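Notes to accompany the following structure.
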Amino acid sequence: MTKALLPGIAVYLAVSPAFGDASAKPNAAASSPAAHPPSLFDEAMRKRAEAITPLRDDPDRRRETRELRRAIQARLRSETDPESRIPLALGWANWELADVAAPAATRWMIGYRTREDLKDLAAVARFAGRALDIAKKDIESLAQSADTAVMRRRARWRETINTLRLFAAAYESLARTMPTATAPAAVQEACRKAALGLAELRENEDPDTAAAARLWQAALLEAGDRSGRELAVLDLALVPPERLPYDFFSRILRCQSLLADGSYALVVALTLRMEERCDRWFGEDAKASPRAKLTLAAFRIKCLWQWSDALRADDPEQADALRKRADSLAAANFPPGQEPRIYRLDHAIPVYMELPLPETRRPQGREAPATSRTAAGAASEPADRPPSSRAATSSSE
């Protein structure tokens with residue numbers, strides 16, 4: 001994929017003053033970036049994006065999600081023991097925020113942004129909130145206990161509720177950025193408040209929680225119109241990611257922020273360099289690297305489309321050249337009739353509490369790369385652990 005783009009890179013660099021100085025740092029942000037709330041795809045861009053088939057929703061996954069959600073709710077209605085209901089409610093909330101949100105979260109982080117995805121995030125936040133309310137009420141209904149193990153378990157449940165509420169608030173606030181009659185200032189303030197809430201999770205001793213919090217905090221700062229602030233909480237694009245998949249997508253989100261400031265040539269160059277580093281970044285995971293390269297290609301295609309649109313009025317010839325290059329890249333990497341797999345978020349946040357429903361399965365969709373992994377490919381600790389200590393626990397302790 002990289003070699004196929006090399007003939008066109010000179011064109012990209014030639015039209016950008018940022019590359020006039022050979023000593024310019026590829027990761028440097030504009031000195032005074034303009035304010036930019038997140039923009040959603042218009043109809044023309046939505047139509048173009050249809051060519052990127054791996055980003056489409058899987059209808060089977062949506063059906064399975066609805067079925068599993070109904071099964072969870074039915075189980076909660078039939079279960080009378082709070083000690084059994086609480087893990088189920090927490091598992092439900094975590095599943096909504098981690099699994100159900102993953103497709104929309106993936107598209108948002110790489111800039112393929114639509115009203116439908118914001119609606120999905122709002123629905124996830126709403127269902128997760130219901131589940132957390134159930135868990136909180138059931139915990140409050142429990143009789144006092146002097147048993148140390150019981151007290152520890154309940155403390156972990158409360159901690160998990162607090163962690164999941166912070167992520168749910170992030171989704172809810174981000175969903176409010178959808179163009180509506182709501183005052184922009186109120187929307188921006190909600191995003192900033194949710195971003196502030198995630199600050200404590202950025203310092204969490206669990207590295208996956210901290211990485212996910214950094215990613216979502218940056219997305220909120222971008223949506224809250226704190227132009228440039230999101231760059232301050234994100235590592236430079238070419239710094240090797242440590243916690244996958246979150247750190248990988250934080251690199252792309254950084255490029256998205258630069259793109260919103262009009263740094264088109266810079267972003268194209270950065271994504272090419274990131275692509276060259278994927279084999280090293282993903283180490284022994286032979287499947288992840290080529291899929292990550294395809295994800296970068298999808299982002300670069302969007303960048304070229306937007307660059308073409310931005311130049312259309314002043315330089316239609318150059319705009320046509322960029323549009324042709326983008327369409328050619330899309331055809332080469334995402335040919336019609338094929339379903340190449342990209343690297344995506346399988347869990348939008350870490351899994352702290354698995355769903356205790358042995359008779360059902362979690363919908364997986366088309367792509368499920370390992371989440372909560374180091375860049376070397378080693379799996380993290382088991383997922384059903386509390387968000388800060390990851391101390392051994394189970395719902396039946």
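For T160, are the conditions met, namely being β-branched (V, I, T) and either surrounded by 20 or more Cβ atoms within 10 Å (Cβ to Cβ) or under 21 Å from A195 (Cβ atoms) (or both)?
yes
Tell me, which residue of segment 56-70 that is of a type in the set (K, R) and within 19 Å of the chain's Cα centre (by Cα) is surrounded by the most Cβ atoms within 10 Å (Cβ to Cβ)?
Across segment 56-70, the extreme among qualifying residues is R61.
Give segment 139-157 a look and list any residue that's touching a helix residue (DSSP H, G or I) at 6+ places or on another chain (Cβ under 7 Å) and surrounded by 20 or more Cβ atoms within 10 Å (Cβ to Cβ), or say none.
Answer for segment 139-157, where residues must be touching a helix residue (DSSP H, G or I) at 6+ places or on another chain (Cβ under 7 Å) and surrounded by 20 or more Cβ atoms within 10 Å (Cβ to Cβ): just W157.
Any chance you could count how many residues in segment 281-299 are touching a residue at least 12 places away in the same chain (Cβ under 8 Å) and either of a type in the set (D, E, K, R) or not in a helix (DSSP H, G or I) (or both)?
Going through segment 281-299 one residue at a time, the tally reaches 6.
If only one of R158, R107, R126 is more than 27 Å from L258 (Cα to Cα), at pLDDT 95 or above and within 24 Å of the chain's Cα centre (by Cα), which one is it?
R126
Would segment 115-138 turn up any residue that is buried (at least 21 other Cβ atoms within 10 Å of the Cβ) and either outside any helix (DSSP H, G or I) or in contact with a strand residue (DSSP E or B) (Cβ under 7 Å, 6 or more places away or on another chain) (or both)?
Within segment 115-138, none of the residues are buried (at least 21 other Cβ atoms within 10 Å of the Cβ) and either outside any helix (DSSP H, G or I) or in contact with a strand residue (DSSP E or B) (Cβ under 7 Å, 6 or more places away or on another chain) (or both).
Could you count how many residues in segment 289-309 are under 15 Å from P245 (Cα atoms) and buried (at least 24 other Cβ atoms within 10 Å of the Cβ)?
Result for segment 289-309: 3.
Return the total of residues in segment 168-188 being part of a helix (DSSP H, G or I) and either in contact with a Gly (Cβ under 9 Å, 6 or more places away or on another chain) or at pLDDT below 90 (or both).
Result for segment 168-188: 10.
I'd like to verify a number: residues in segment 310-329 that are assigned to a helix (DSSP H, G or I), of a type outside the set (S, T, N, Q) and surrounded by fewer than 16 Cβ atoms within 10 Å (Cβ to Cβ), how many?
Total satisfying the criteria: 5.
Among the residues of segment 241-277, write down those that are outside any helix (DSSP H, G or I) and farther than 16 Å from L215 by Cβ. Let's see the steps before the verdict.
Let us first name the residues in segment 241-277 that are outside any helix (DSSP H, G or I), namely 241-245, 261-263.
Hits for segment 241-277 are D261, G262, S263.
Within segment 87-106, is even one residue out of contact with any helix residue (DSSP H, G or I) (no Cβ under 8 Å at 6 or more places or on another chain), part of a helix (DSSP H, G or I) and loosely packed, with under 14 Cβ neighbours inside 10 Å?
Checked against the condition, which is being out of contact with any helix residue (DSSP H, G or I) (no Cβ under 8 Å at 6 or more places or on another chain), part of a helix (DSSP H, G or I) and loosely packed, with under 14 Cβ neighbours inside 10 Å, segment 87-106 yields no hits at all.
Does segment 279-287 contain any residue that is closer than 19 Å to L55 by Cβ, modelled with pLDDT under 95 and surrounded by fewer than 24 Cβ atoms within 10 Å (Cβ to Cβ)?
Checked segment 279-287: at least one residue is closer than 19 Å to L55 by Cβ, modelled with pLDDT under 95 and surrounded by fewer than 24 Cβ atoms within 10 Å (Cβ to Cβ).
The values are calculated or read from the model by the stated rules, or taken from the named source; none is laboratory data. Keep in mind that this is a model prediction, so the values were computed, not measured. Cβ: placed from backbone, ideal geometry, glycine included. Neighbour counts: every protein chain shown.
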